[in-house]
Every structure is written in C-alpha cells, then in structure tokens.
Amino acid sequence: MANILVGSPRFESITLITGYKSAVLTLKINNVLRYTILKTGTAGDVITFEISELIRDYITQTFTGGQTAPANVSTTGSLILQYTSLDGTGSPSGTSTVAINHTAIDGYGTFMEGANPTLAANSIWLLSKDVIKDGYYVYAPLNTSGWISQITAGGTFTQVGFQTNTPSLTVGTTDVNIVRVDCTRYGDGNKITFLNKFGALQDLYFFLKSVKSTTSTKETYNANTISTSTGSATYSVNAPTKTVFNKSANQKIRLSSGYYPEGANPFFEELLLSKSIWLTQPDPYNPSTEQVVPVVISTSSFTYKTSLNDRLIEYTMEFDMAFDYINNVR
C-alpha cells in the first residue's frame with residue numbers, strides 16, 4: 001500500500017504466466033467498483049494499466065477557509081487478475097495477482113523524480129523543503145494563525161494549526177519553522193491558498209501591495225428608433241441607436257510577494273503549476289469579515305531568482321477571479 005500522486009501517471013503491471021491470455025483490472029474507488037478494463041497478451045507479456053486519470057476524476061479539493069484536510073480516495077480492493085481466455089473469462093489465476101491498495105492524492109511528481117511518484121506513509125510535512133537551509137519553513141504575517149498540511153504518525157492526511165506566537169511544529173522528528181514577517185505597512189498581506197505538488201493545501205502570503213482591476217466586454221447592435229406615432233416618421237434624440245447587450249465584467253488582482261529567501265522558490269513554482277487556487281480577501285460589502293474566492297493564475301512564466309543574481313527575491317503574480325463579476329450563475 002502506498003500514498004500515490006495521481007497528477008502524474010501511475011502504472012500497475014502484471015506478467016502473464018503460461019496458459020494465461022488476458023489480464024483484467026477491476027478498479028474500486030472508496031469501495032465502489034468504477035472501472036473494469038481488459039487487456040490481452042501471451043505468456044511472458046507484461047500487461048500495464050495506467051490508472052491515475054481514472055482515479056483523479058474522483059478527487060475534488062474544496063476550500064472555504066480554516067482547517068481543510070487534503071482530499072484523497074482509497075483504491076483498496078482493486079485487483080489485476082489474469083485469465084486463460086482472451087475475453088477475460090475462464091479460470092482466474094489464484095496465485096499470480098496484483099493488489100492495488102493505495103491512497104490517492106491529487107499531487108504530482110516531476111520528470112526528474114521518475115515514474116510512479118509516492119509520498120511517505122507517515123510523519124511528513126506536505127510542503128517543499130528549503131534545500132538551502134535544509135529544513136521546512138512557513139512564512140506568515142505577525143500575529144497571524146494558520147494551518148499546515150501533514151501526514152500524521154498514524155498515516156492520516158490532515159492539517160495542524162499554529163497560533164499567533166507558535167515558533168515551530170513537529171511531526172515525527174521533523175520540525176517546521178514558522179517565520180514571522182512584518183507587513184503592517186500594507187495591512188496583513190494577501191493570503192493565497194493553493195493545491196501544491198503534494199496534493200495538499202498550502203498558504204502563501206504576498207506581503208506587499210496589491211492592485212485590483214476590472215475589465216468589461218460588450219456587444220452592440222444598431223436599433224431602429226424611428227416612430228410614426230405622430231403621423232410622420234421621426235425619432236427621439238434621447239433614444240440610443242447603438243444598444244448594448246451581453247455586458248460582462250471580470251476582475252483581476254496583481255500581488256507582490258515581498259522579500260522571500262531563495263529556498264522559498266519552490267512555493268512560487270508550485271503556485272504557478274497549481275490548478276486550484278483561492279484568495280482570502282476582505283468582504284467588499286462587509287470589510288470587517290473575510291471571504292474566500294477562487295482565482296486562476298494568469299501569470300504563465302516563472303524566472304527563478306537567486307540571492308547571487310538578484311540579492312532581494314520578490315515576485316509579482318497576477319490572478320483572474322474564477323467567475324464573472326456580474327453574476328450570471330444559472
């Protein structure tokens with residue numbers, strides 16, 4: 001059993017033994033049979049099934065603020081069996097089978113990490129390590145609490161909270177250090193929450209200024225405003241001949257990160273590659289409260305900054321609101 005990352009391909013294989021001509025994958029997700037797939041071959045063939053795309057459809061990460069465990073599903077009870085017939089019937093082999101009992105998370109591995117990326121079974125932080133400082137670090141504003149994703153010593157996916165004065169947290173024998181940043185010049189900064197490469201939610205603060213903008217689009221047509229109600233053809237100079245319809249609006253926000261150490265570069269890379277992102281912002285109709293809104297990152301490239309080349313490392317990224325500003329939800 002493994003914790004598999006299904007944002008990258010996951011291969012499961014079986015080698016056909018003498019007298020067997022087909023292999024059948026029965027894939028269960030959370031104890032419900034979802035797929036049955038047949039492949040044929042001859043003795044000695046390695047039959048391979050790629051299952052990540054099949055599983056990923058059943059993982060949905062939501063976020064409304066607060067503690068949110070990484071979404072995952074179980075494939076316990078899934079099997080690859082081999083049969084003596086070409087159509088997957090006949091007698092299955094009772095000795096040569098492959099059990100697929102995994103926990104699947106919507107994370108990914110990179111090309112350099114190789115095939116079938118997995119996570120440790122327990123006691124790990126679900127965020128990238130600062131390889132320069134050789135440790136785990138989280139950056140948050142002064143007097144701010146938050147959550148960090150982990151796999152517990154018992155193997156449970158969860159988030160553990162830190163308070164406004166917490167200096168560090170520990171899972172197993174591994175610490176994560178909480179570094180406080182004074183961003184009072186710009187308030188409390190802007191919090192972006194995103195699905196990172198480990199399939200877990202991670203908070204990333206942009207400590208400096210933010211700029212929000214609204215753009216609109218429209219279509220127009222020329223209307224006939226001529227009236228004959230008075231017995232002759234005339235028109236009103238107050239009635240427009242050019243009429244607007246299908247008016248829509250979108251908002252975007254540009255955020256500046258403030259100064260981060262070089263070891264935090266993976267956070268921004270993973271943000272750029274994330275498919276699920278949320279912005280926590282003041283409610284525009286009740287600024288004393290916060291609201292969480294989905295966004296889509298519109299920045300499409302990332303240049304790695306280093307202390308040698310750039311001295312001070314700061315990033316600016318743009319995000320589109322993941323909805324139309326004028327409500328058109330039907």
State which entries of Lys197/Lys218; Lys275/Lys305; Lys28/Lys197; Lys129/Lys209 exceed 29 angstrom in Cα-Cα distance in the structure shown. Lys197/Lys218
Per residue convex hull volume, Cα only, the chain, in Å³ is 238
Note down, for the range 290-330, the three equivalent ellipsoid semi-axes (square root of 5 times each alpha carbon gyration tensor eigenvalue), biggest first, whole angstrom. 33, 11, 6
Taking Rh as the Kirkwood radius computed over alpha-carbon pairs of the range 227-305 and applying Stokes-Einstein at 10 °C with viscosity 1.306 mPa s, one gets a diffusion coefficient in µm² s⁻¹ of 88
Run the numbers for Lys252 and Asn143: contour at 0.36 nm per residue of separation, minus the present Cα-Cα distance, in nm. 36.4 nm
Give the whole-number value, in cubic angstrom per residue, of the convex hull volume spanned by the C-alpha atoms of the range 148-207. 89
If you project the alpha carbons of the range 21-70 onto the principal axes, what extent comes out on each, in Å, largest first? 54, 18, 12
If Rh is defined by the Kirkwood formula over all Cα pairs and Rg also comes from Cα, what ratio Rg/Rh do you get for the range 55-206? 1.12
Candidates Asn309, Asn250, Asn265; GNM for the chain (alpha-carbon contacts under 10 Å) flags as most fluctuating Asn309
Charges only on Cβ, +1 for Lys and Arg, -1 for Asp and Glu: so what's the dipole of the chain about the Cα centre, in debye to the nearest 20? 620
Highest-MSF residue in the chain out of Leu195, Leu273, Leu86 [GNM, Cα springs under 10 Å]: Leu86
Hey, in the GNM for the chain with a 10 angstrom Cα cutoff, which one of Thr156, Thr118, Thr225 fluctuates hardest? Thr225
Net charge contributed by nearby residues that have their C-beta within less than 14 Å of Ser213 (K/R +1, D/E -1): +2
Kirkwood hydrodynamic radius, the range 3-118, all distinct C-alpha pairs: what's the number in Å? 15.2
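Where a number appears in this text, it was derived from the coordinates with a stated rule and is not lab data. Note that the structure is predicted; figures quoted are calculated from it, not measured. We place every Cβ from the backbone using ideal geometry, glycine too, and count neighbours over all the protein chains shown.
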